[in-house]
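K.L.:
Have a look at this one before I ask anything.
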Amino acid sequence: MPNDQVAFTNLTVLIAEDRSFMIELVRGVLRQNGCREVLVAENGVKAIDKFEEGMVDLLICDINMEPLNGLQLLAAIRSGLTDAPVDLPIIMLTGHTEDPMIEASQILKANGFLGKPVSAMDLTTEIARVLTSNDPFEAPPVDKEAALQAIEAARVQLREEERAMGLDVSGDGETDAASEAQAEAAEQGWIDVNDVQIGHVLAEDVVSGKGQKLLSAGTALDNKQVELLQRDAGKLGVSTVRVRS
């Protein structure tokens with residue numbers, strides 16, 4: 001067994017990330033290294049909810065997600081506003097590797113930092129380094145009131161977004177016409193471009209609003225093609241595609 005794999009055994013890891021192809025990449029690396037359980041949260045609010053469900057040993061967190069971005073989530077954890085331990089090992093991911101991002105992560109005591117695109121080898125190495133580190137933890141200076149306000153504002157934003165999408169956020173089990181239409185579309189294989197995953201097969205051609213063909217029916221999507229769709233489809237007028245798993 002490789003030395004790196006020892007650090008993964010019996011771990012529960014939470015991925016806080018809003019891009020499906022990155023989720024699949026990170027999840028694949030974790031599973032290849034024998035990780036016991038991999039949890040996923042699409043934003044900081046849902047990550048906090050995951051902490052309430054059970055113990056997490058490592059957080060791999062995107063900085064640029066909404067509502068409640070990675071730095072706000074990091075501040076909430078380090079200030080004790082979540083059910084996660086304040087010294088939870090945390091690795092930050094971002095496509096923006098400017099010094100201010102790195103500095104902000106370091107101030108909030110992130111244990112690791114990786115710039116996107118992330119390779120499987122770099123991710124494996126960084127996870128192993130973080131989990132085997134003996135560096136003492138010192139709680140960072142965090143404005144706890146500001147962190148709490150950020151969480152509350154993010155929860156309000158998330159509820160508003162869910163209502164706009166026709167999701168039931170009242171807890172009474174009612175759904176409206178929009179959510180029913182979404183469910184019917186999903187049953188027929190139509191999904192949002194941002195929900196496309198590696199391994200999906202296009203059920204029909206993906207054509208832009210101007211008639212430009214992006215990908216042909218029958219294409220088995222790999223990481224590069226998923227990234228193409230999610231990066232370019234929006235500006236080309238494509239919001240949903242039809243796929244089969």
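K.L.:
What pairs come out if I take residues in region 15-35 that are more than 15 Å from C61 (Cβ to Cβ) and pair them with residues that are crowded, with 22+ Cβ neighbours inside 10 Å whose C-beta lies under 6 Å away, six or more apart or interchain?
P.N.:
Final answer for the pair search is F21/V226; N33/F8; G34/F8; C35/F8; C35/V13.
K.L.:
Ok, one more. Restricting attention to region 102-121, which residues are under 18 Å from the mean Cα position of the chain (by Cα) and not in a loop (DSSP other than H, G, I, E, B)?
P.N.:
Correct list: S105, G112, F113, L114, G115, A120.
K.L.:
So which of I198, I191, I151, I127 is assigned by TED's automatic domain parsing to the domain that holds C35 and either at pLDDT below 80 or among the aliphatic types (A, V, I, L, M) (or both)?
P.N.:
Every option except I127 fails the conditions.
K.L.:
Here's another thing I want to ask about it. Checking L68 against (1) at pLDDT below 95; (2) more than 21 Å from D222 (Cβ to Cβ); (3) not in a loop (DSSP other than H, G, I, E, B), which single condition isn't satisfied?
P.N.:
So the condition that L68 fails would be (3).
K.L.:
So, in region 21-42, of the ones that are surrounded by 21 or more Cβ atoms within 10 Å (Cβ to Cβ) and assigned to a helix (DSSP H, G or I), which residue ends up modelled with the lowest pLDDT?
P.N.:
F21
K.L.:
Looking at region 10-59, which of its residues are charged (D, E, K, R) and under 20 Å from L131 (Cβ atoms)?
P.N.:
Across region 10-59, the qualifying residues are E17, R27, R31, R36, E37, K50, D57.
K.L.:
Can I ask one more? In region 50-101, which residue that is within 14 Å of the chain's Cα centre (by Cα) and of a type in the set (D, E, K, R) is nearest to R155 (Cα to Cα)?
P.N.:
E66
The values are calculated or read from the model by the stated rules, or taken from the named source; none is laboratory data. What you are looking at is a predicted structure, and each value in this text was computed from that prediction instead of being measured. We place every Cβ from the backbone using ideal geometry, glycine too, and count neighbours over all the protein chains shown.
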